[in-house]
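The values are calculated or read from the model by the stated rules, or taken from the named source; none is laboratory data. A quick note: this is a predicted structure, and the numbers were derived from the prediction, not measured. All Cβ positions, even for glycine, are placed from backbone atoms using ideal geometry, and neighbour counts span all protein chains on display. Surface areas here come from the heavy atoms of the whole protein model, side chains and all, with no ligands, DNA or RNA. Shrake-Rupley method; radii C 1.70, N 1.55, O 1.52, S 1.80 Å.
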There are 4 protein chains.
Amino acid sequence: MTEVTLETAKALIAAAEDKAVEIDVPMCVAVVDKGCNLVGFHRMDEALIASIDIAQNKAYSSASLKLDTQTIHEVSQPGESLYGLGNTNDGRIVTFGGGFPLKDEDGTVVGGVGVSGGSVEEDREVAQAAVDVFENA
Amino acid sequence: MTEVTLETAKALIAAAEDKAVEIDVPMCVAVVDKGCNLVGFHRMDEALIASIDIAQNKAYSSASLKLDTQTIHEVSQPGESLYGLGNTNDGRIVTFGGGFPLKDEDGTVVGGVGVSGGSVEEDREVAQAAVDVFENA
Amino acid sequence: MTEVTLETAKALIAAAEDKAVEIDVPMCVAVVDKGCNLVGFHRMDEALIASIDIAQNKAYSSASLKLDTQTIHEVSQPGESLYGLGNTNDGRIVTFGGGFPLKDEDGTVVGGVGVSGGSVEEDREVAQAAVDVFENA
Amino acid sequence: MTEVTLETAKALIAAAEDKAVEIDVPMCVAVVDKGCNLVGFHRMDEALIASIDIAQNKAYSSASLKLDTQTIHEVSQPGESLYGLGNTNDGRIVTFGGGFPLKDEDGTVVGGVGVSGGSVEEDREVAQAAVDVFENA
């Protein structure tokens with residue numbers, strides 16, 4: 001896909017929800033567009049309340065920095081080059097995995113997806129399901 | 001309906017989107033649950049960026065105050081009893097129409113819906129479509 | 001023009017600065033793109049410090065609401081339909097003139113310009129000079 | 001140079017943009033004056049959205065602390081003397097390289113420049129190009 005429309009966001013969120021059901025962890029899922037503005041958000045029943053914010057900010061972080069939030073995790077550690085990155089942008093940068101940039105066929109970042117609710121591994125697995133839909137549609 | 005699950009929120013948002021398409025105004029639509037926490041949000045293509053915040057906060061305002069935001073509009077005017085209400089809650093109270101509380105069969109408020117993107121009349125019409133689904137399902 | 005690139009923003013800001021020099025009022029001038037994100041900002045020598053924020057938020061307001069901020073001024077007055085609009089979006093909505101949306105040939109809003117530093121009339125005149133460049137280039 | 005006027009800021013930003021083009025990394029560039037208030041800001045096309053905030057705050061950090069943000073990086077690490085510095089000033093202090101103070105001939109800090117968009121090394125290289133213009137003009 002080349003652009004994050006609402007139709008696209010719905011498809012990505014649905015794929016993430018399917019994966020979340022499969023691994024049996026209720027999740028919050030958010031999708032932002034190229035301008036890093038929210039397009040769609042769903043909170044599955046019993047998902048963590050804190051994840052409402054975290055999922056949205058993971059999507060924002062990935063789109064605005066054009067990075068997997070797992071990479072942000074690594075480069076923002078004490079002693080690493082971008083230590084303190086999580087304090088910028090009014091606290092909207094999330095420094096752990098679960099957010100991925102969405103890229104078009106040319107590799108240009110055109111949005112981001114963020115998932116929160118489980119372990120980082122679970123969040124990443126669910127977010128990846130959304131990315132797969134975007135890249136393969 | 002008696003509770004704002006994600007399934008319910010999706011149905012309400014879909015009804016709002018249908019109405020928005022019918023009147024040809026792209027909208028942002030948000031649904032919150034009894035705890036006033038976001039359950040679902042969709043931004044239709046070309047909807048106002050400012051409406052991302054406004055729709056969510058209309059839903060929050062309606063659920064947290066158990067009031068139609070049009071009523072908040074009236075009681076928060078200069079000289080009226082709740083003048084300044086829009087300055088409370090970290091600026092999350094919206095003082096114009098487009099948000100409705102969601103009530104179960106007993107009239108208990110169990111959530112809220114907020115719509116933003118058009119005139120107040122248009123926002124209210126679209127939000128009402130969501131309320132109708134909730135009350136008649 | 002059809003898109004707010006940095007080159008475009010520079011041309012708009014330059015036109016605004018020329019007009020500001022002409023009327024002899026130092027101004028802050030800001031330009032945002034379709035996603036309502038800042039592209040360029042200049043503060044002329046001796047311009048008001050408060051105008052740094054106001055100019056940027058006028059540009060944001062105009063692009064995110066697709067409205068002249070003078071119109072926001074009118075519709076957000078006590079008793080008017082959007083009373084309290086200035087309290088939304090974390091206080092980023094400016095409720096007085098000096099911000100204009102930027103529209104492409106089809107009339108689609110693709111950005112915004114905001115000017116602050118003088119009277120509302122002066123701010124509007126300077127912002128209009130930028131709009132003229134956008135619409136006639 | 002002895003003072004950060006808009007004319008000066010434009011020259012510094014232009015030098016930074018030239019360097020950014022040379023190394024082929026789109027950047028956000030910000031310049032603040034002695035009062036630590038923004039004078040000029042440019043976002044190059046395709047620069048990271050997160051860098052809008054980071055570039056401005058690097059300039060602010062450097063001018064307000066009279067330090068290279070790379071030095072802030074070092075002294076704010078866990079266990080170091082100014083650990084937690086990045087949490088002060090409403091989150092405006094950036095704790096990684098890319099911001100430099102601007103000094104007049106006497107070594108007095110009269111402003112700051114901040115660059116964001118690439119690696120810390122790239123950001124520093126581009127910011128240095130602006131500093132060179134200031135110091136050698």
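Brief remarks on what is shown
- The single condition among (1) over 20 Å from C:Leu67 (Cα atoms); (2) in contact (Cβ under 8 Å) with a residue 40 or more places away in the chain; (3) in contact with a strand residue (DSSP E or B) (Cβ under 7 Å, 6 or more places away or on another chain) that B:Ala55 does not meet is (1).
- Filter result (assigned to a helix (DSSP H, G or I), touching a Lys or Arg at 6+ places or on another chain (Cβ under 8 Å) and under 17 Å from A:Ala55 (Cβ atoms)) within region B:20-61: B:Ile52
- Flag if B:Glu125 is assigned to a loop (DSSP other than H, G, I, E, B), in contact (Cβ under 8 Å) with a residue 40 or more places away in the chain and open to solvent by 20 Å² or more (accessible area, probe 1.4 Å): no
- Any hit, region D:90-113, residues being part of a helix (DSSP H, G or I), of a type outside the set (Gly, Ala, Ser) and open to solvent by 10 Å² or more (accessible area, probe 1.4 Å): yes
- You will find that of B:Val4, B:Val25, B:Val75, B:Val31, the residue that is touching a Gly at 6+ places or on another chain (Cβ under 7 Å) and within 14 Å of chain C (Cβ to nearest Cβ) is B:Val25 and no other.
- Residue within region D:70-93 that is among the small types (Gly, Ala, Ser) and under 14 Å from D:Gly114 (Cβ atoms) present: no
- Some residue of region D:94-102 being away from chain A (no Cβ under 14 Å) and of a type in the set (Phe, Trp, Tyr): yes
- Hits in region B:110-129 - residues which are of a type in the set (A, V, I, L, M, F, W, C), under 17 Å from B:Cys36 (Cα atoms) and touching a helix residue (DSSP H, G or I) at 6+ places or on another chain (Cβ under 7 Å): B:Val113, B:Val115, B:Ala127
- Listed by first and then second residue, the pairs linking a residue in region B:10-39 that is closer than 17 Å to B:Phe134 by Cα and open to solvent by less than 10 Å² (accessible area, probe 1.4 Å) to a residue that is among the acidic types (Asp, Glu) and at pLDDT 95 or above, with Cβ atoms under 8 Å apart and 6 or more places separating them unless they lie on different chains, are B:Val29/B:Glu17; B:Val39/B:Asp33.
- Single match in D:Gln56, D:Gln70 (criterion: open to solvent by 30 Å² or more (accessible area, probe 1.4 Å), under 21 Å from C:Lys10 (Cβ atoms) and within 13 Å of chain A (Cβ to nearest Cβ)): D:Gln56
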